[in-house]
Structure formats: C-alpha cells, structure tokens
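S.K.: Would you mind keeping the following structure in view while I ask a few things?
The values are calculated or read from the model by the stated rules, or taken from the named source; none is laboratory data. These figures come from a predicted structure and were not determined experimentally. Reconstructed Cβ throughout: ideal geometry from the backbone, glycine too, with neighbour counts over all protein chains shown.
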C-alpha cells in the first residue's frame with residue numbers, strides 16, 4: 001500500500017482538527033503518514049497515531065517545501081494532502097512546481113479511483129460539484145476544513161527525522177517581522193461547534209462588538225461576512241465564505257448577513273442555521289432553519305439577556 005503524505009498543521013501544542021480530517025481521507029488512498037515541521041513531541045505523535053498515521057516525519061521547519069520535495073522523491077507517495085488554508089495552499093503550490101506535478105485546491109471530498117485520487121470540488125459558489133484528477137506526477141491536494149468527520153484508527157507510529165535538504169533554500173521571500181495572534185479565549189473558527197457571524201447590517205464597528213458579547217455568552221467562535229471584514233470591523237481571518245474560511249458547526253447564527261451566494265458557500269454545511277435580519281426577503285432565510293425578522297440592535301441585546309438568564313437559572 002502506497003504512502004499518503006499529510007502535512008500536520010499545529011494548533012498550539014495540539015494539532016488542528018483539519019489535520020485529523022486529512023488523515024481520515026488519506027486512509028481511503030493508502031497508508032497515512034504525517035509530516036510535522038520541527039520536533040513532533042510525544043503528545044502530538046500519540047494524537048496522530050490515534051488517527052491512523054503509521055509514520056510521523058519530522059522535517060526541518062526552515063524550508064519545508066525543499067524537505068517535503070526530498071521526502072516525496074524518497075517515498076513516492078500516492079498523494080500529498082494539505083489543508084486549504086493560507087499556509088497550506090502556499091506550500092502546496094510551491095511543492096507542485098518542484099515535483100512537476102498537478103495540483104487541485106479546495107477539495108470537499110477525496111476518493112480512490114482506478115487511475116489515482118478523485119477530487120470533488122465545490123464550484124460556482126457551491127452551485128455545482130466537479131470531479132477532477134491529476135494526470136501528471138504526484139497529486140498535490142488541498143482540502144477544505146470540515147469536509148469529513150475525523151475517525152480514529154489507532155496505530156503505533158514510527159517517528160522518522162528527515163535530514164535538511166543538501167541545497168540552500170531559494171531566497172524567494174524573507175520574513176521581516178512577526179506578530180503573535182492575539183488570544184481571545186474563543187474556539188478556533190474552522191473547528192468550532194457554535195459560530196456567530198455578523199455582516200453589514202450592524203452598521204458600524206462599535207455596533208459589531210455586540211457580536212463579541214453574544215459569542216462570549218454562547219462560548220462561540222466569531223465570524224463575519226466579507227462586507228464586514230472589508231469595512232475593517234473585524235480581522236480578515238474571520239471571514240466566512242467562498243474566499244474565506246469554511247465552517248460546519250452544530251449551530252450557525254447569522255446576524256445582519258444578507259446571505260450572498262459567496263457567503264453561503266462557506267457555511268451552508270452547518271447543522272442548524274439561525275438568521276437574524278430586518279429584511280424578510282434576505283437570501284439567508286432560504287437556507288435558515290430558524291429566522292428572526294427584526295432589528296438586530298434590539299434582537300441581539302435581548303438574546304444576550306435571555307442567554308444570561310437561562311444560564312443563571314441552570315447554575316442555581
């Protein structure tokens with residue numbers, strides 16, 4: 001059975017849920033092997049092994065593309081799977097060039113075919129599904145988060161350190177500064193079970209802080225439409241949609257979001273969708289399980305008070 005390389009992206013001292021999804025998909029194609037930048041650590045190795053990684057490769061973090069290129073040349077993998085995030089897509093693109101191989105991005109499903117992996121992509125803002133295959137070289141595939149439920153298949157992984165490539169890294173870019181991400185104490189957006197998202201309907205950055213208060217009461221992650229991020233009301237990494245993060249929580253609360261097709265492409269897989277909008281004809285109501293037609297500046301404070309009251313009653 002051929003190896004399938006999976007780039008394991010860290011989440012602090014743990015591993016991102018999207019990586020565990022990739023390991024689940026990798027088992028359909030062959031024998032999963034996780035690639036970790038730097039030292040894996042016993043705890044991380046245990047988690048990866050619990051989700052089916054038979055081998056954990058530790059590659060030098062200074063130039064991961066060169067290291068993964070050498071690794072791919074040695075093991076001849078059936079495919080390389082990465083998360084469809086900013087880092088994953090950048091590494092995937094450079095890796096495909098060095099391997100002289102085809103690349104498919106933003107997959108929503110990956111299955112085994114007689115001629116290699118078959119990749120399903122959601123196109124035209126989710127209106128159609130397209131099936132594609134790489135026809136040259138090792139398939140390099142980036143997969144959207146929340147496309148599959150991680151499943152455990154415990155194995156005892158072998159940890160292998162990959163030596164640094166013999167050639168110097170290509171000086172294509174240079175890091176001039178680093179700024180650590182501010183900790184909010186909220187769940188990671190891509191893997192959160194509850195997401196509250198806001199849009200242009202809030203009207204201002206000051207009003208948008210209502211969403212933070214609601215998220216804190218619900219223990220939810222905060223997201224936004226592209227309109228809200230473009231207006232500077234919240235960071236762009238919180239954008240949900242076709243060109244942002246894809247989410248699939250148990251509860252998605254859309255506040256002041258009209259529901260343009262680009263936004264819906266990134267959240268329509270949510271289990272339960274609740275919409276609050278003053279326009280009864282807003283497209284978001286077409287896919288919402290529950291809807292509130294009203295002024296969010298009145299509805300959200302009332303909702304916060306109601307959540308607080310119910311939480312207080314539960315704790316008493």
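S.K.: For residue 149, all conditions in the list (1) surrounded by 17 or more Cβ atoms within 10 Å (Cβ to Cβ); (2) at pLDDT below 95; (3) in a loop (DSSP other than H, G, I, E, B) hold save one; what is the number of the exception?
M.R.: So residue 149 meets the others, but not (1).
S.K.: So, one more: Condition check: assigned to a loop (DSSP other than H, G, I, E, B) and touching a strand residue (DSSP E or B) at 6+ places or on another chain (Cβ under 7 Å). Does residue 187 satisfy that?
M.R.: When the stated conditions are applied, residue 187 passes them.
S.K.: Continuing with the same structure: When you go through 188, 216, 230 one by one, which is the residue that is within 24 Å of residue 34 (Cα to Cα) and not assigned by TED's automatic domain parsing to the domain that holds residue 21?
M.R.: Step by step, each of 188, 216, 230 is checked, and only 188 is within 24 Å of residue 34 (Cα to Cα) and not assigned by TED's automatic domain parsing to the domain that holds residue 21.
S.K.: With (1) in a helix (DSSP H, G or I); (2) modelled with pLDDT under 95; (3) under 26 Å from residue 247 (Cα atoms) as the list, and residue 108 as the residue in question, which single condition is left unmet?
M.R.: (1)
S.K.: A follow-up question, please. So residue 128 fits all but one of (1) surrounded by 12 or more Cβ atoms within 10 Å (Cβ to Cβ); (2) farther than 29 Å from residue 1 by Cβ; (3) assigned by TED's automatic domain parsing to the domain that holds residue 39; what number is the exception?
M.R.: Status for residue 128: all satisfied but (1).
S.K.: If we scan the stretch 88-96, do we find a residue that is outside the structural domain of residue 243 (by TED's automatic domain parsing), in a helix (DSSP H, G or I) and more than 14 Å from residue 139 (Cα to Cα)?
M.R.: Looking for residues that are outside the structural domain of residue 243 (by TED's automatic domain parsing), in a helix (DSSP H, G or I) and more than 14 Å from residue 139 (Cα to Cα), one finds at least one in the stretch 88-96, hence yes.
S.K.: Taking the stretch 243-258, which residues are surrounded by 19 or more Cβ atoms within 10 Å (Cβ to Cβ), at pLDDT below 95 and assigned to a loop (DSSP other than H, G, I, E, B)?
M.R.: Answer for the stretch 243-258, where residues must be surrounded by 19 or more Cβ atoms within 10 Å (Cβ to Cβ), at pLDDT below 95 and assigned to a loop (DSSP other than H, G, I, E, B): 244, 246, 247, 248, 249.
S.K.: Tell me which of these residue 90 doesn't satisfy, since it passes every other one: (1) surrounded by fewer than 21 Cβ atoms within 10 Å (Cβ to Cβ); (2) more than 30 Å from residue 238 (Cα to Cα).
M.R.: (2)
S.K.: Quick test of your reading of the structure: residue 279 fulfils all but one of (1) assigned to a strand (DSSP E or B); (2) out of contact with any strand residue (DSSP E or B) (no Cβ under 7 Å at 6 or more places or on another chain). Name the failing condition by number.
M.R.: Every condition holds for residue 279 apart from (1).
S.K.: Starting from residues that are within 20 Å of the chain's Cα centre (by Cα) and in a loop (DSSP other than H, G, I, E, B), keep the ones in the stretch 202-242 and report whichever is surrounded by the most Cβ atoms within 10 Å (Cβ to Cβ).
M.R.: 225
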